[in-house]
Structure formats: structure tokens, C-alpha cells
Amino acid sequence: MINVQNLHFAYRKKPVFTGLDLQLQSGHIYGLLGKNGTGKSTLLRNMAGLLFPDTGSIDVLGFQPKHRKPAFLQEVFMVAEEFHLPNVPLKQYVKYQSPFYPRFSNEQFSKYMQEFEIPADSRLQDMSYGQKKKVLISFGLACNASVLLMDEPTNGLDIMSKSQFRKVMAGALDENKCMVISTHQVKDLESLIDRITIIDEGRILFDQTIDAISRKLQFSVSFDPEEVKNAIYSEASLRGHSVIMKNETDEESKLDLELLYKAIILNREQVQKAFAA
């Protein structure tokens with residue numbers, strides 16, 4: 001569904017990507033993880049046709065995003081981290097924006113807004129940043145576009161709203177959609193995504209499905225000094241040491257995404273060895 005090949009991109013000669021390759025398929029929610037400033041937003045904007053590659057190619061649904069053809073635009077929706085919504089009543093916003101998306105569902109939009117506890121008669125200018133983000137997320141999901149790109153969607157959401165976000169997202173995926181969520185708040189996506197791609201300094205450090213991670217790695221708490229010493233990655237906690245070990249059993253391990261992220265950033269070679277075996 002999305003094919004990125006040999007992507008090169010720079011801001012005023014400051015390189016962001018130098019030869020990035022990435023393939024994304026339908027039927028998945030991808031977690032695009034990484035520290036701030038590593039290129040996550042830039043990659044999403046290239047996919048959406050808001051930025052253009054210097055060299056290399058991006059194919060989204062058979063289109064080159066940079067051409068921004070109407071048939072492409074109606075199939076892609078992006079929830080940006082920074083956005084502007086007009087100072088109009090919510091109903092008016094939906095009335096004038098929804099015709100651009102042929103599969104937009106007013107019924108779904110109303111359902112998502114109820115889930116987020118936002119009244120249908122609200123005015124955008126009276127909303128907080130977090131409420132506006134909920135509107136944009138709800139609208140993006142109701143568009144039923146084939147590709148949904150989200151840049152730091154949980155920023156500005158409180159704890160209850162993040163839980164609502166995960167519930168809404170999990171119910172919106174189907175085999176014809178590809179959803180890409182960029183974030184540095186890895187805990188927010190732990191129970192939602194089914195594939196993890198980690199970017200650092202404009203390159204892909206890690207790209208694996210949740211199933212593969214659970215089969216290859218074991219996440220646990222250990223009080224055994226020898227086990228801690230031999231762990232792929234460990235860190236002290238009040239309960240002992242949180243560790244990542246190579247999974248030597250046939251049982252899948254419960255993922256600790258935050259611990260895995262730290263391990264890949266700080267001890268990537270050891271993690272890669274576990275997947276190479």
C-alpha cells in the first residue's frame with residue numbers, strides 16, 4: 001500500500017533521510033517511534049504529499065503523493081501534530097469538509113464524538129486543544145480513507161482520552177486500511193499497534209511485528225544477578241530489574257514497548273542478534 005524506496009530528503013542541505021526504504025501493507029496499525037527530531041513527522045508529510053523527496057520514490061496506493069491528485073487526496077487523511085481548525089460550528093465544519101471524502105460516514109463521526117464525549121452542537125472556537133484534536137481524529141476515522149497518518153495523536157490528551165483513543169482506533173481498522181501512528185510516547189500505543197518501526201537520526205533501527213517480538217524476546221522482572229548480567233537489556237526498578245531476555249520457550253511474552261524502545265536505542269546490536277538467530 002505504501003512503498004518508500006531510497007528516499008533522500010533534506011531541509012536546506014541538512015539531511016534527514018539518506019536512502020530510506022520502507023514498505024507498509026493494508027490491515028495494520030503501524031507504530032512509527034523515535035525521539036523528537038528524528039524524522040517521523042517529515043516521513044509522514046512526504047507520504048501525504050506535503051513535502052517532496054529530493055531523490056528516491058514514494059508510492060502510495062499507486063500514486064506519487066507529490067502530485068496531489070484528487071483521487072489520491074480522497075484516500076489519504078493526515079492528523080498533524082500542529083493544526084488549525086476554522087472558528088466555525090462543528091456541524092458546519094463537517095458539512096463543508098466531508099464531501100472531499102466519498103466514504104465519509106456521519107454515523108461513524110457521531111459515534112466517535114460520543115466516545116470522546118464532545119457534544120454535536122459544539123463550536124470549534126470554544127474548544128481546548130485536546131478537544132479539537134479529538135474532533136480531528138474522529139473526522140479522520142469517519143472519512144474511511146485507505147491511508148490514515150497520525151502525527152503524535154495523543155499529545156494534548158488526558159489519561160482517560162488516551163484510553164478512549166486506543167478503543168476508537170482498535171475498532172476502526174479493517175483489512176483495507178493502513179494506519180500509521182507516529183509518536184515518542186511509546187506507552188500510549190502498547191496495546192494498539194501490530195508492527196513497530198523505530199527511526200533514529202533519519203534511519204530505520206528496527207522494524208518488526210508485535211508477534212515476532214513476542215516470539216523472539218521475553219520481558220520479565222528478575223532478582224537474579226546472573227540473569228540480569230546476561231540479559232539483552234536491563235534496568236533497575238523498585239521491583240528488581242526489568243529485563244529483556246532471548247525467548248527460549250514456545251510461549252509468547254507480554255510486550256513492554258517502553259523497555260524495548262530503550263533497548264533498541266541503547267543496545268541495538270544485542271536486540272538484532274536475537275532476531276538474526
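The values are calculated or read from the model by the stated rules, or taken from the named source; none is laboratory data. Computed from a predicted model, the values in this text were never measured in an experiment. So basically every Cβ, Gly included, is an ideal-geometry build from the backbone, and we count neighbours across all protein chains shown.
For the stretch 163-232, give me every one of the strands (runs of 3 or more DSSP E) that falls completely inside it and has 2 or more residues that are within 30 Å of E248 (Cα to Cα).
Result: 195-200, 203-209, 217-222.
What residue, among those in the stretch 118-139 that are outside any helix (DSSP H, G or I) and touching a Ser or Thr at 6+ places or on another chain (Cβ under 9 Å), is surrounded by the fewest Cβ atoms within 10 Å (Cβ to Cβ)?
Applying the filter and picking the extreme gives A120.
Restricting the stretch 64-95 to residues that are β-branched (V, I, T) and either part of a loop (DSSP other than H, G, I, E, B) or touching a residue at least 60 places away in the same chain (Cβ under 8 Å) (or both), which is farthest from L149 (Cα to Cα)?
Filtering first and then ranking leaves V88.
Of all residues in the stretch 250-277, which are free of Cβ contacts under 8 Å to residues at least 60 places away in the same chain and touching a Leu at 6+ places or on another chain (Cβ under 8 Å)?
S253, A274
Against the conditions (1) of a type outside the set (D, E, K, R); (2) more than 20 Å from I204 (Cα to Cα); (3) within 18 Å of the chain's Cα centre (by Cα), where does L90 fall short? Just the number, please.
Result: L90 passes all but (3).
For K177, all conditions in the list (1) in contact (Cβ under 8 Å) with a residue 24 or more places away in the chain; (2) surrounded by fewer than 14 Cβ atoms within 10 Å (Cβ to Cβ); (3) of a type in the set (K, R) hold save one; what is the number of the exception?
Unmet condition: (2).
If you take the residues in the stretch 187-228 that are of a type in the set (A, V, I, L, M) and over 19 Å from L24 (Cβ atoms), which one is surrounded by the most Cβ atoms within 10 Å (Cβ to Cβ)?
Among them, the one singled out is L217.
Can you find even one residue in the stretch 131-139 that is modelled with pLDDT under 95 and over 29 Å from L24 (Cα atoms)?
yes
Specify the residue that is modelled with the highest pLDDT; the eligible residues are those in the stretch 231-261 that are surrounded by fewer than 16 Cβ atoms within 10 Å (Cβ to Cβ) and either of a type in the set (K, R) or touching a Cys at 6+ places or on another chain (Cβ under 7 Å) (or both).
K254
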